[in-house]
1. Counting each pair of different Cα atoms once, what's the Kirkwood radius of the chain in Å, rounded to one decimal?
2. Apply the Karplus parameterisation 6.51 cos²θ - 1.76 cosθ + 1.60, with θ equal to phi minus 60°, to every residue of segment 81-98 and state each ³J(HN,Hα) to the nearest whole Hz, in sequence, with x for glycine and proline.
3. From Cα pairs below 8 angstrom and at least 6 apart in sequence, can you work out the relative contact order of the chain, rounded to a whole percent?
4. Report, in deg cm²/dmol and to the nearest 500, the calculated mean residue ellipticity at 222 nm for the chain, where each DSSP H run with n ≥ 4 adds -39500 (n - 2.57) and the sum is divided by the residue count.
5. Carbon-plus-sulfur fraction of the accessible area of segment 22-174, 1.4 Å probe, in percent?
6. Compute the signed sum of charges (Lys and Arg +1, Asp and Glu -1) over the other residues within less than 12 Å, Cβ to Cβ, of S97.
7. In whole Hz, with x marking every Gly and Pro, tabulate ³J(HN,Hα) for segment 144-161 from phi via Karplus 6.51 cos²θ - 1.76 cosθ + 1.60, θ = phi - 60°.
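The values are calculated or read from the model by the stated rules, or taken from the named source; none is laboratory data. Computed from a prediction, not measured in an experiment: that's the story for all the values here. Methodologically, a virtual Cβ is constructed for each residue, glycine included, from the backbone with ideal geometry; neighbour enumeration extends over all protein chains shown. These area figures cover heavy atoms from the full protein model, side chains too; ligands, DNA and RNA do not enter into them. Shrake-Rupley method; radii C 1.70, N 1.55, O 1.52, S 1.80 Å.
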Amino acid sequence: LDRDAAEMEARRIEDRKAKAMWRAGIITFSTAAQKLLGDKSPEAEAKATFEDFAKRHGVRLLWAVGHHDESAIHFHAMFENIRADGRCLRLNAGDLSNEQEIAAAHFAHLGLVRGTKKADRIADGEPPSKTINRSVKQLHAALPAEIEAVKAKLAKAQERAEKAEAKAKKYEGD
């Protein structure tokens, strides 16, 4: 039993190390940015953004691809997550926010600017559904309760509608 637990722990550590070996990147554009771009495809800017990231962080850009076949043009990239010095590249939320500022600079000559920071969107009163990204697992876990809440709201609204209809019929008769 102890040997099985040790093997499972070793496998878990190896899985974690394997996940740490690769880092994905994505460049997306808001609806307003897409309108501004029109039929222009900023592939050179996306490539330069990904290459700049790799150079500044001492990692290798493995591949990059643009998608034009979906509702919005966007670009994906995959990086080796092991830096030239052999250590894993670690970025926190502040680092990633800064990366968005740097990436926006590559597109500035096209008239594009960085999107509004999440903290600013929240401060401006944007609803949590627009600012909080949940994993599929979290969405599935929350969905039954959210459905029940909507059903309860619907039932109350139907009850109010029925009362209003009854009231209206009562006055029609007078």
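1. For the chain, inverting the mean 1/r across all distinct Cα pairs yields 21.0 Å.
2. 8, 9, 6, 4, 7, x, 8, 6, 7, 10, 10, 9, 4, x, 4, 5, 4, 4
3. 18 percent
4. Counting only the DSSP helices, I get -19500 deg cm²/dmol.
5. Roughly 56 percent of what the probe reaches on segment 22-174 is carbon or sulfur.
6. Neighbourhood net charge equals -1.
7. Those phi angles translate into x, 5, 5, 5, 4, 5, 5, 4, 5, 4, 4, 4, 5, 5, 5, 4, 5, 5 Hz.
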